[in-house]
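The values are calculated or read from the model by the stated rules, or taken from the named source; none is laboratory data. Keep in mind that what you see is a predicted model, and the values were worked out from it rather than measured. Cβ placement follows ideal geometry from the backbone for every residue including glycine, while neighbour counts extend to all protein chains displayed. Accessible surface is based on the protein model in full, side chains and every heavy atom, while ligands, DNA and RNA are left aside. Shrake-Rupley method; radii C 1.70, N 1.55, O 1.52, S 1.80 Å.
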Amino acid sequence: MNTSAQDRFLNLGLTLPPAPKPLGIYKPYLIDGKYLYLSGHGPVQDDGSLIIGRVGDDMDKDQGKLAARQVGLTMLSTIVTNLGSLNSIKRVIKVLGMVGCTPDFGSHPYVINGCSELFESVWGAENGIGVRSAVGMGSLPDHIPVEIEALFELV
């Protein structure tokens, strides 16, 4: 029996934080034909606050990975809020993960796996894993540890 992405998410027992509203002049998402583009998202918590910190300084790589998973949940919230269901997504095309970290930190892919593993658990290995970049940044908006943008193919 084929389980839908929405059902797989519900089976994980996770909650979605509120979908963030733009704090600048941009759209949080854009649909172009069969593609959904999500602007960079940060780690919004269930109470609407942000996870703050710098990986390699205020937090270790495991805490950074949890922050990346929270970014993934925030992205899922934007999808559900604006498209109605995770079933609107056919597959993940590309993820760009940016880690706010110290100059000597080198485990960017490990941190961004927090989001990638979440997407895999929702859409499966075939459709939940796309191409990806994981890079380090000297700073990110509002001192968040992770910002991620993504491209999805719609059903």
Given region 61-155, what percent of its DSSP beta bridges are antiparallel, to the nearest 5?
55
Cβ-placed point charges (K, R +1; D, E -1), dipole of the chain about Cα centre in debye, nearest 20
460
Peptide ranges 53-60, 144-151 listed from the most packed, as the mean C-beta count within 10 angstrom indicates:
144-151, 53-60
Once the piece of chain linking Y37 and T15 is laid out straight, how much longer is it, given 0.36 nm per residue of separation minus the C-alpha distance between them?
5.7 nm
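Of the heavy-atom accessible surface of region 13-154 (probe 1.4 angstrom), what whole percent is carbon and sulfur? Kindly include the intermediate steps, with their values, before the conclusion.
Numbers: 3550 of 6790 Å².
Carbon with sulfur: 52 percent of the solvent-accessible area.
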With every protein chain kept in the model, how would you rank R91, R8 by accessible area, 1.4 Å probe, largest at the top?
R91, R8
Return the tail of the calculated pair distribution for the chain, meaning the percent of Cα-Cα pairs more than 19 Å apart.
49
Compute the angle between helix 61-83 and the longest alpha-carbon principal axis of the chain, please, reported from 0 to 90 degrees and rounded to the nearest 10.
40
Using a 1.4 Å probe and ignoring any ligands, DNA or RNA, find the accessible area of Y35 and quote it in Å² to the nearest 10.
70
Identify all lysines with a Cα-Cα distance to K65 below 21 Å; exclude those on the same chain that are fewer than 8 residues away in sequence.
K94
Distance (nanometres) between label positions extended 7 Å along Cα→Cβ at T81 and E117
2.6
Based on DSSP, what percent of beta bridges with both residues in region 1-138 are antiparallel, to the nearest 5?
35
Where only protein heavy atoms count, and the probe is 1.4 Å, what is the accessible area per residue for the chain in Å²?
51
